[in-house]
1. Quick check on the range 158-193: of everything there that is under 18 Å from residue 218 (Cα atoms) and among the aliphatic types (A, V, I, L, M), which residue is surrounded by the fewest Cβ atoms within 10 Å (Cβ to Cβ)?
2. Pairs needed: first member in the range 130-150, basic (Lys, Arg); second member anywhere, assigned to a loop (DSSP other than H, G, I, E, B); C-beta distance under 9 Å; at least 6 residues apart or different chains.
3. Could you give every pair whose Cβ atoms fall below 6 Å, whose first residue belongs to the range 71-83 and is open to solvent by 70 Å² or more (accessible area, probe 1.4 Å) and among the acidic types (Asp, Glu), and whose second residue is at pLDDT below 95 and not in a strand (DSSP E or B), counting only separations of at least 6 or pairs across chains?
4. Taking residue 106, is it at pLDDT 95 or above, over 15 Å from residue 67 (Cβ atoms), surrounded by 23 or more Cβ atoms within 10 Å (Cβ to Cβ) and small (Gly, Ala, Ser)?
5. Looking at the range 53-68, I want the residues that are over 30 Å from residue 126 (Cβ atoms) and touching a residue at least 24 places away in the same chain (Cβ under 8 Å) and have a partner that is of a type in the set (Val, Ile, Thr) and surrounded by 15 or more Cβ atoms within 10 Å (Cβ to Cβ) with Cβ atoms under 8 Å, at least 6 apart or on another chain. Which pairs are those?
6. Mind listing whichever residues of the range 139-166 are in contact with a helix residue (DSSP H, G or I) (Cβ under 8 Å, 6 or more places away or on another chain) and either within 16 Å of residue 57 (Cβ to Cβ) or among the basic types (Lys, Arg) (or both)?
7. Please state which one of 141, 152 is open to solvent by 40 Å² or more (accessible area, probe 1.4 Å) and touching a Gly at 6+ places or on another chain (Cβ under 7 Å).
Amino acid sequence: MKPILEYLDDFDFSSESLYKYGFISFSVAFVSSILFTRYFKRIHSIQDIPSKWFNKNKILRGVVSSVGDGDNFRFVHMPLLRSLVSLKFLGITKEDAKSSFGVRLAGVDAPECAHFGKPDQPYGPEAREWLQKQLTGKIVRIQIYQKDQYDRAVCMVWKKGFFKWKNMSLSLVQHGYGTLYDSKGAVYGKYLNDFIKAEEIAKASKTGMWKQSKKRYMSPKTYK
């Protein structure tokens, strides 16, 4: 082997060469940083999400670890290829599941389950059970819009299917377990008209919570 000093003798220390090597090193480090952030770095809590991701409505892939109500769940971020398989094949532990953050379905409102000393709203448990069957342990994509007052990410959510991704806000309304969310700060993406039409159809066909009489029905907004 050649001594290290002999290698140094062969090295070009001219200003032009040093600039070239420096530029290459910087480029490699810069690209590596972008690739790591985009494809490998996991988001463990909502505090980890950069503010610019909300501004850009960034899309993340991951797995639903649990469902809390008819319109919210816990999301485990699984970047790159790790998001392409289900929870059980990843060997995710309980500790991994704790490294999650709350997600609120954008644009819709489901009947309330018991909390803050109030009993279940009619169809609240049914809405939660429906969402549990749909999402628990499933791969989803979330498009981030904003944080709500409970420190959850308000997102448009799609569930991975065999041939396409299903919009879960729209599906919730279609099954009669959600209504249009019209409080301050509501976001709908490009789906407002779809939500309105789906709600009209669900009402007309008395699907889900719309089986109730008009006198008995109370919107989730009013119930809160």
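The values are calculated or read from the model by the stated rules, or taken from the named source; none is laboratory data. Remember, predicted model here, so these are calculated numbers, not experimental data. Heads up, the Cβs are rebuilt from the backbone with ideal geometry, glycines too, and the neighbour counts pull from every protein chain shown. Side chains are part of the model used for accessible areas, which takes the heavy atoms of the whole protein and leaves out ligands, DNA and RNA. Shrake-Rupley method; radii C 1.70, N 1.55, O 1.52, S 1.80 Å.
1. 180
2. Sorted first by the residue in the range 130-150, then by its partner, the pairs are 138/86; 147/49.
3. Qualifying pairs under 6 Å: none.
4. Yes.
5. 53/144; 54/144; 57/144; 58/144
6. Hits for the range 139-166 are 140, 144, 145, 146, 147, 152, 153, 156, 157, 158, 159.
7. Answer to the selection: 152.
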